[in-house]
Amino acid sequence: MNEALWLGFAFLDLVMVVVVFRFFGKQGLFAMIVFNLILCNIQVLKTIELFGLTTTLGNILYASVFFSTDLLGEHYGREEAKKAVLLGFLSLILAVTYMQIALFFTPAVSDFAQPHLEAIFGVLPRIVLASMVAYIVSQWHDIWAFHFWKARTGGKHLWLRNNASTLVSQLLDTVIFCSIAFLGIFPMDVWIQIVISTYLIKLLVGLLDTPFMYLAARIRPRDAVHS
């Protein structure tokens, strides 16, 4: 059941990125990056059994952020992709900061939300730090690698630059996040299992987005420019 739902969720999100790209262009991709980045950091709190592995739910939307960044780099250039990464990073910091402030407010006697908000947003600083460092490093690499392969292939082989950049970047992200967040907390064998299972799930989503890269290339909006 989880596997079918997961594949359907991944398909839905990738389709929506392309639809938003078609109708809203660059601004739409900026919005999807911010939206998916904030939401995936909430969903990451939920663990699920998937393909015989225990993993976090947020991997779908997080991998989709890389898809949106690659679309920006492909159609609008390296600098626009960098702007989107920085915007996502700032949005994540603000979302975490604002929710921490919200938790300091004394709830009314009739309030029922405070304990649930504390459970979701009262995250450990180590987890937040791990997420932010992993995000900025892996996204910066993704942009560099995407344009490196684009230059090396003369703009050909979209599938190569899409996968070569994303799959290495996702490995960087997984290792950095798990190292900062979990190294020393779990035994080494458990930590290795977490790294492997997390990366395998991200790897699958990264491969799934390739057909959508080609679809987006065929229905690009009017404001798209090749660079």
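The values are calculated or read from the model by the stated rules, or taken from the named source; none is laboratory data. Every value quoted in this text rests on a predicted model; they were computed, and no experiment measured them. With ideal geometry, Cβ positions are generated from the backbone for all residues, glycine too; neighbour counts draw on all protein chains shown.
Matching residues to (1) among the aromatic types (Phe, Trp, Tyr); (2) within 12 Å of the chain's Cα centre (by Cα); (3) within 18 Å of ASP142 (Cβ to Cβ); (4) surrounded by fewer than 23 Cβ atoms within 10 Å (Cβ to Cβ):
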position: TYR62; (1), (2), (3), (4): yes, yes, yes, no
position: GLU79; (1), (2), (3), (4): no, no, yes, yes
position: LEU87; (1), (2), (3), (4): no, no, yes, yes
position: ALA95; (1), (2), (3), (4): no, no, no, yes
Item to check | Given (1) farther than 28 Å from ILE196 by Cα; (2) part of a helix (DSSP H, G or I); (3) hydroxyl-bearing (Ser, Thr, Tyr), index of the condition THR106 fails | outcome: (2)
Item to check | Enumeration of residues in the stretch 1-49 that are outside any helix (DSSP H, G or I) and either more than 22 Å from HIS116 (Cβ to Cβ) or not hydroxyl-bearing (Ser, Thr, Tyr) (or both) | outcome: MET1, VAL44, LEU45, LYS46, ILE48, GLU49
Next on the checklist: Against the condition touching a helix residue (DSSP H, G or I) at 6+ places or on another chain (Cβ under 9 Å) and modelled with pLDDT under 95, how does ALA63 come out, does it pass?
Outcome noted: yes
Item to check | Test: residue in the stretch 83-95 that is in a helix (DSSP H, G or I), touching an Asp or Glu at 6+ places or on another chain (Cβ under 7 Å), closer than 26 Å to TRP159 by Cα and at pLDDT 85 or above | outcome: no
Checklist outcome for this item: Taking the stretch 179-227 and keeping only residues that are free of Cβ contacts under 8 Å to residues at least 40 places away in the same chain, closer than 25 Å to ASP13 by Cβ and not aliphatic (A, V, I, L, M), one is left with TYR199, PRO211, ARG218
Checklist outcome for this item: When the stretch 26-43 is checked residue by residue, the ones that are buried (at least 16 other Cβ atoms within 10 Å of the Cβ) and farther than 19 Å from VAL133 by Cα are LYS26, GLY28, LEU29, PHE30, MET32
Checklist entry - Of all residues in the stretch 58-85, which are more than 27 Å from GLY8 (Cβ to Cβ) and free of Cβ contacts under 8 Å to residues at least 60 places away in the same chain? => result GLU79, GLU80, LYS83, VAL85
